[in-house]
Structures are given as structure tokens and as C-alpha cells.
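Report on the following structure.
The values are calculated or read from the model by the stated rules, or taken from the named source; none is laboratory data. Please read these numbers as outputs of a predicted model, since none were measured by experiment. Positions of Cβ are backbone-derived with ideal geometry, glycine not excepted, and every protein chain shown enters the neighbour counts.
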Amino acid sequence: MKNLVKLKLSNNRIEKIENLDVLVNLKELDLSFNQIEAMENLNHLKCLEILLLYENQITVIEGIDDLSNLTIFSIGNNHINDWEHVMYLRKLKKLRSLNIAGNPCLTQEGYLDYLLAFLPQLVYLQYKMITAEERQAATDKHYRAISNLLEIEAKEQEDLDRRAAFEANVALLSISYVEYLDGDYLFNKMFERDKEGNDLLTLSEDARSAYAEYKVKFMELSKDLYELGLAEQIRRSKEIKMFEDLVTKGEDDIQKESQIMMDEIMDRKAEILADVKELMQSITEELETEVLNEKLEKARKLSEDFSELVARTWTKLMHKEVILHEQMEDVNEVFKHRMTDMVGSFLEAAQNTFSLMRSLEADYMDNIAGIATVVMNANQGTDDSKMSPSLIEIIGDKDILSNNLAASHDLHLQVIDGREDRFISRLNTWLEEKIVKLVEDESNRNRQKVLEISHFLECQREEFIALQLQQPLYGKVEDTDVAAVLET
């Protein structure tokens, strides 16, 4: 019952809160007058607005950190003794009504003022409105502590806001598939484990200048891909929103038309039942057989009329559903092609950028190779002893230099290729899953709607017959005879 919004389980012998995992839409939960000892398994009920735990055996208020929508909370007549719950409840900014009457903490001196001072969001306590005078008196007693707390909370909120903004940005970049491309992360990744490449930078100032120029150009390409990813994500989001709005409108339109037809059948059922009731009440013991048969024939005709109405309605509703299903499949197909084209063009542009990165890397390696050759030639003909050990390790001869350049080049390409492969794989996976889900969702919707239509109309037919059989009959006709007529 995942769509349940209100659950009342008061006055039972429940000892443990459990098995509510799927009730993610629950807004009101009443577990009063039970034998619960611990507040647990509630944090997933993020839509919960009313929580009633009155008259239980709870000693600690806990396990509701994530219930940010909680507005009314009753924990009266339990065993709450400490004051820690006050600061705990302070985090629930939407909390407006608290009932904690009947707990030991309420009898302790100073507790009530402490509660009113540190829970400014409360409007009602024990279901009585808190007066401005009560609030001010409590605040005055704890003025200094409140001021310090507000300062601490302000700093904590700043940190939370920064973290939330960072996480939101990471999430956006993740669905844009361009995370860590707006800075030097990818470039630095190439040199992170590149001992040979870093050693080659020590050859000369020219080598370091070439590196700096390479970094600037590489980051420009990375930034271009980053901005392209964000722009493409906006395009995809708009396309998805347009598609979802179109689907919702189609479903709403057919739902309104179907509702009108269902209302008509309900009204007609009531009219026919009224006629049947009037007809049955007119049957008495004094009626002649011919008149009785005539009345039963009228009842049979009314029953047939209703059966025909049900059959026609079923045909019309099914016809509408078939048309909607075909339209949804067409819309899905159009969306599939549009999204495939968008993703395809994005992938093509991104692959071009990665190709430019590889070309830029190749140019850089050629540049470094030329600089290294000049340095190596300048040292040729001299004794090896005059070359530093680190220089010998880098450019001792052509083979050493060639091996170092190749090792550095391979590492760089691994980083670029790996990022490209991950980019392509994730985007293609998203597209494939999106298309598969479209087909599955429409198939499930159609199947469910067909079942709903059939179930609704079958229930109407069965209810109609059952209500007819409840009408009183007298004298010359048995209930079984009428039943046979109506069933026919």
C-alpha cells in the first residue's frame, strides 16, 4: 500500500515500529496507546507531517532526523526524562505542535522555559497556543545561550549551504557527463603517474614553457567540452520536460473523458435500480400471473439495458485506451529518435574534442622530443661523467629518450582514452535505459488501465445484480426465479 497517506494503528499491543518501509507517501501515522519502547524505522517516512506516539513506553526521542515535514508530534504519556530531545527537535523547522504532557521531564524545574526558548518554531504546546508573554519570558532567561547557539547555527548553515551547492553542482555535472572538466583535473591526471614526463620537464626552460603552453591549450579544450556538456544537458532536460508534459496531457484528457463515461454509467445504474425497486415493490400476492410475468419481463429488460450499457461502455473505454496506447507508442518513438539524434550529435562533438586533445598531446610530445634531442646533441661528445645522473637517465642515448617519450605518451593517451570511453559508455547507457523504461512504463500503464476498466465495469455489473436481488418479493414468485431472470 505504497500510496497510503494515513495510517491509524492506535489502541493495539504493538511493541515495535517496523514493516513501514514502503509507505513513503505516508503523511499521518497514529501509533498511540501501544507498547512501543523505541522510536525506530521512521526516518524513511520523509512525507510524514503528523506523528502520534501518545501513551507508549518510549524513553528517548530519536530516529526522526530526516522527517523535515513533521508538523504535529505527540509523545505525551511516555517515559521521557532527559532534556536532550529539545535540541534534537530544534532541527525540525516545520514542527508547530508538540505534546509532551505526562512525561517526567515536564515536572523538572526550568524545563518548560528551556523548551519554549529553544524551540521557537513551536506554535502549540500540549495543543494550547503559546502566548507571546510565555515565549518572551523563556527567551529572556536563556538569552545569552540562544545568542551563542544562533551564531553557531548560522556558521553550520553556511557550511551546509556550501556543501549542498557543491553536491548539486556535482550532480548536475554528473548527469551532464562532464564532471571535473572545468579545471585542470584531467590534465593533471595525465602527469599524476607519469614519472618520465615529469622528468623530461627538467631538461630545460624550453621544456617547461612547452608544458605550460600545452596545459593552457588542453584546458581550453576541456572547458569547451565542459560547457558543451552543460548546454546539451539543458537541451535534453527541455526535451524530456516537453515529452512528459505531452504524455501527462494525453493521459489527463483520456482520464477526463473516461470519468464522464463512468459517471454516466453510475447515474444510469441508480436510475435503473430505482425503477427495479419500484417495480418489485408493486408485486403483491393479488397480482394475476399475466401481470406478474409482465412485471418480471420489465425487470429483465431493465437488467438487459444495464448489461448492454456496461458492454457499450467497456467497448468505448477500451477503444479510447487502444487509441491512447497507440498514440503513446508513437510519441515514445518520436522521443526516442529525437533523443537518439541529440545524444548522437553530442557524442560526435565530444569525440571531436577528445580527438583534438590527442592531437594536442601528440604535438606536445613532438615538441618535447625536439627539445630533448637538442639537449642530447649538445651533450654528445662529452664524457658521461659530466652529465648529471638524472640527465643520463632521461636522455643517455636515443633509445633511452625514445623509451621515455613513448612511456609518457602512452600514459597520457590512457587518461584521455579512458575519460572518453567512460563518457561514451555512460551516455549510451543512459539513453538505452531511458528508452527501455519508456517502453516498460507505457506497457505497464496500458496493462493496468485495461485491468482497471474491466474490473470497474465487472464490479458495477455484479453490484447491480446483487442490489436487484435485495428487493423484497411477495406471493407468487420465488427469489430463485427472479435470480434466474436477472442472471439471464
Check: If you scan the stretch 215-244, which residues turn out to be farther than 16 Å from residue 348 by Cα and over 26 Å from the mean Cα position of the chain (by Cα)?
Finding: 215, 216, 217, 218, 219, 220, 223
Next item on the list: Kindly provide the set of residues from the stretch 241-273 that are of a type in the set (A, V, I, L, M, F, W, C) and without any contact (Cβ under 8 Å) to a residue 40 or more places away in the chain, ordered by number.
Entry: 242, 260, 270
Check: Of everything in the stretch 307-359 that's modelled with pLDDT of 90 or more and aromatic (Phe, Trp, Tyr), which residue is farthest from residue 233 (Cα to Cα)?
Finding: 354
Item checked: Residue list for the stretch 56-89, filter: within 21 Å of residue 149 (Cβ to Cβ) and surrounded by fewer than 16 Cβ atoms within 10 Å (Cβ to Cβ) -> 62, 65, 68, 82, 83, 84, 87, 88
Note to self: Looking at the structure I just gave you, is residue 146 surrounded by 16 or more Cβ atoms within 10 Å (Cβ to Cβ) and either at negative phi or modelled with pLDDT under 90 (or both)?
What the structure shows: yes
Note to self: Suppose we filter the stretch 75-121 for residues that are polar (S, T, N, Q), within 18 Å of residue 48 (Cβ to Cβ) and part of a loop (DSSP other than H, G, I, E, B); how many remain?
What the structure shows: 1
Next item on the list: Report yes if residue 209 is on the phi < 0 side of the Ramachandran plot, among the polar types (S, T, N, Q), in a helix (DSSP H, G or I) and touching a helix residue (DSSP H, G or I) at 6+ places or on another chain (Cβ under 7 Å), otherwise no.
Entry: no
Notebook entry, point to check: What do you reckon, is residue 182 in a helix (DSSP H, G or I) and surrounded by 13 or more Cβ atoms within 10 Å (Cβ to Cβ)?
Noted result: no
Next item on the list: State whether one or more residues within the stretch 461-484 are within 30 Å of residue 325 (Cβ to Cβ), surrounded by 17 or more Cβ atoms within 10 Å (Cβ to Cβ), within 49 Å of the chain's Cα centre (by Cα) and at pLDDT below 90.
Entry: yes
Note to self: Restricting to the stretch 1-52, and then to whatever is touching a Ser or Thr at 6+ places or on another chain (Cβ under 9 Å), among the polar types (S, T, N, Q) and surrounded by fewer than 18 Cβ atoms within 10 Å (Cβ to Cβ), can you tell me which residue is nearest to residue 67 (Cα to Cα)?
What the structure shows: 10
Notebook entry, point to check: Between a first residue in the stretch 442-469 that is aromatic (Phe, Trp, Tyr) and a second residue that is at pLDDT below 90 and part of a helix (DSSP H, G or I), which pairs have beta carbons less than 8 Å apart while being 6 or more apart in sequence or on different chains?
Noted result: 456/262; 464/269; 464/272; 464/273; 464/303; 464/306
Checklist line | Residue within the stretch 125-132 that is at positive phi and surrounded by 10 or more Cβ atoms within 10 Å (Cβ to Cβ) present | finding: yes
Margin query: If the requirement is being in the same structural domain as residue 460 (by TED's automatic domain parsing), in a helix (DSSP H, G or I) and surrounded by 14 or more Cβ atoms within 10 Å (Cβ to Cβ), which of these qualifies: 322, 331?
Written below: 331
Note to self: Looking at residue 238 and the list (1) modelled with pLDDT of 85 or more; (2) surrounded by 15 or more Cβ atoms within 10 Å (Cβ to Cβ), which single condition is not satisfied?
What the structure shows: (2)
Note to self: Looking only at the stretch 63-88, how many residues end up being in contact with a Leu (Cβ under 6 Å, 6 or more places away or on another chain) and free of Cβ contacts under 8 Å to residues at least 40 places away in the same chain?
What the structure shows: 7
